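Enquirer: My questions all concern the structure below.
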């Protein structure tokens, strides 16, 4: 087992659309696989968004589409497990991109 210290890059990105953050993560995962970047942690906030995991159902979102649009809340079906998750301003989202 190698116990040498590893560097971790921390990127503070401010407010970023969920779709942009997903795209960035996909690029960084590929770069990490190729060992062209160190382990990386992304710190950011999203505008109002609700993500729907593989166990979710639209009936789990307690307000309708019209109200979501009125409030500027976007919906995203995502490739993760779990149910419905809200992300929004003032809430820190942390995304680790780490070679385990």
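The values are calculated or read from the model by the stated rules, or taken from the named source; none is laboratory data. Computed from a predicted structure; not experimentally measured. Virtual Cβ from ideal backbone geometry, glycine too; neighbours counted across all protein chains shown.
Enquirer: Among the residues of region 1-34, which ones are assigned to a loop (DSSP other than H, G, I, E, B) and modelled with pLDDT of 95 or more?
Expert: Filtering region 1-34 down to residues assigned to a loop (DSSP other than H, G, I, E, B) leaves 1-7, 16-17, 34.
Answer for region 1-34, where residues must be assigned to a loop (DSSP other than H, G, I, E, B) and modelled with pLDDT of 95 or more: 16, 17, 34.
Enquirer: Still on this structure, please answer the following. With the requirement that a residue be exposed (fewer than 12 other Cβ atoms within 10 Å of the Cβ), part of a strand (DSSP E or B) and under 11 Å from the mean Cα position of the chain (by Cα), what does region 73-100 give you?
Expert: 94, 96 - these are the residues of region 73-100 that are exposed (fewer than 12 other Cβ atoms within 10 Å of the Cβ), part of a strand (DSSP E or B) and under 11 Å from the mean Cα position of the chain (by Cα).
Enquirer: Hey, another quick one. Return the total of residues in region 45-86 being in contact (Cβ under 8 Å) with a residue 40 or more places away in the chain, within 19 Å of residue 26 (Cα to Cα) and in contact with a helix residue (DSSP H, G or I) (Cβ under 8 Å, 6 or more places away or on another chain). It would help to see each step written out before you state the result.
Expert: Of the residues in region 45-86, the ones in contact (Cβ under 8 Å) with a residue 40 or more places away in the chain are 45-48, 74, 76, 78.
Going one step further and asking which of them are within 19 Å of residue 26 (Cα to Cα), we end up with 45-46, 76, 78.
Then drop every residue that is not in contact with a helix residue (DSSP H, G or I) (Cβ under 8 Å, 6 or more places away or on another chain), which leaves 46, 76, 78.
Counting residues in region 45-86 that are in contact (Cβ under 8 Å) with a residue 40 or more places away in the chain, within 19 Å of residue 26 (Cα to Cα) and in contact with a helix residue (DSSP H, G or I) (Cβ under 8 Å, 6 or more places away or on another chain) gives 3.
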